[in-house]
Amino acid sequence: MSKVASAAATMGVSEEQLAAQLSTMISATRESPETIGTSLKTVYARISDIQAGIDEEGVSLGNYSGKMASLGFNVLDVNGKLRDMGEVMEEIGNRWDTLTREQQVYLAQTMAGQRQYSRLIALFDNFDKYNEALNTAQNAAGTLQEQQDIYMESTEAHLQTLRASVEDIYDSFADTDSINGLIDGLSTAANFASNLIDGLGGGGAVLRSLGAIGVTVFSNQIAKGINTMITNLEIGRENARQFS
C-alpha cells in the first residue's frame, strides 16, 4: 500500500480495488508486497500519460494510452475526461479472456513495461480471485462500519449514564439545605473537640504527664498509645481553631 496508495488514489482506484489487486498479484506471483506495490505504481504512471491542452479537443492520448485504445480500452470517457483507473482495470480484467495471448502480452507490456508486465498478466489471469477479494473487501468495509455504529451507540449510552450521574452530583451540591446541614455538623464537631481539649488544661501538659506515668506503671505499648492520643488531640485542637 505504501508504494502505490498515493498514485492509486490520484488515478481513481478505490481502497477496496487496490487491496484486491495487491492480494491477487501477491498470491499468484508469491513475490513480496513491496515488489507488487512498485509494479502497480508503474502501471498507473504509464496509463496516465494522456496529454492535455495541446490540440483543439484539449486532451489527447499518449503513447501507452493510445496503444491501449487500439485494443478497445480507452482511459478517457466520451467527454474526454479521464476515467477512474479502477474501472479501466476491471474492464480489462473482465474482457481478458476475449483477447488472444499475443494481444494479452502486448497490452500487459504496454501498461506495465518489459520489467513488470508478467505481474500484470498474473492479475488478469486470476481475475476471478480479484473479484472474490474485492467482494470480501467491500463486505468487510460494511461490516466494520456496522460494528463502528454499534460501538458508538453503546458508547453514547454509557456517556448518557455518566452525564446523568454527574448531574445528580451537581444537584446534590446545589441543594443548599443538605450542604448547610453538613457544614453545621462539622462546626459542632469542631467546637466539641476544642472545648474538650481546653477542659483538659490545654491538653499538652496534663496528657504528657499521663503518658509519663503510663511509661512507669504500664507497659511501653500502653504509653505509646497514650502519646499517640495526645498527638491526635493536639491536631484536633489545631483543626478546631481553623474552623473557628
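The values are calculated or read from the model by the stated rules, or taken from the named source; none is laboratory data. Note that the structure is a prediction, hence the values are computed from the model and not measured. Positions of Cβ are generated from backbone atoms using ideal geometry, with glycine treated the same way; all protein chains shown enter the neighbour counts.
Worth pointing out:
- From the options 137, 112, 141, residue that is modelled with pLDDT under 65 and of a type in the set (A, V, I, L, M): 141
- Any hit, the stretch 91-102, residues being in the same structural domain as residue 29 (by TED's automatic domain parsing), of a type outside the set (Ser, Thr, Tyr) and at pLDDT below 85: no
- Residue satisfying condition, being modelled with pLDDT of 90 or more and farther than 22 Å from residue 138 by Cβ, within set 14, 27, 48, 39: 39
- Residue in the stretch 63-72 that is modelled with pLDDT of 85 or more and touching a Lys or Arg at 6+ places or on another chain (Cβ under 9 Å) present: yes
- Restricting the first member to the stretch 17-43 and to residues that are under 17 Å from residue 131 (Cβ atoms), and the second to residues that are among the charged types (D, E, K, R), the beta-carbon pairs closer than 6 Å and six or more apart or on different chains are 24/129; 25/119.
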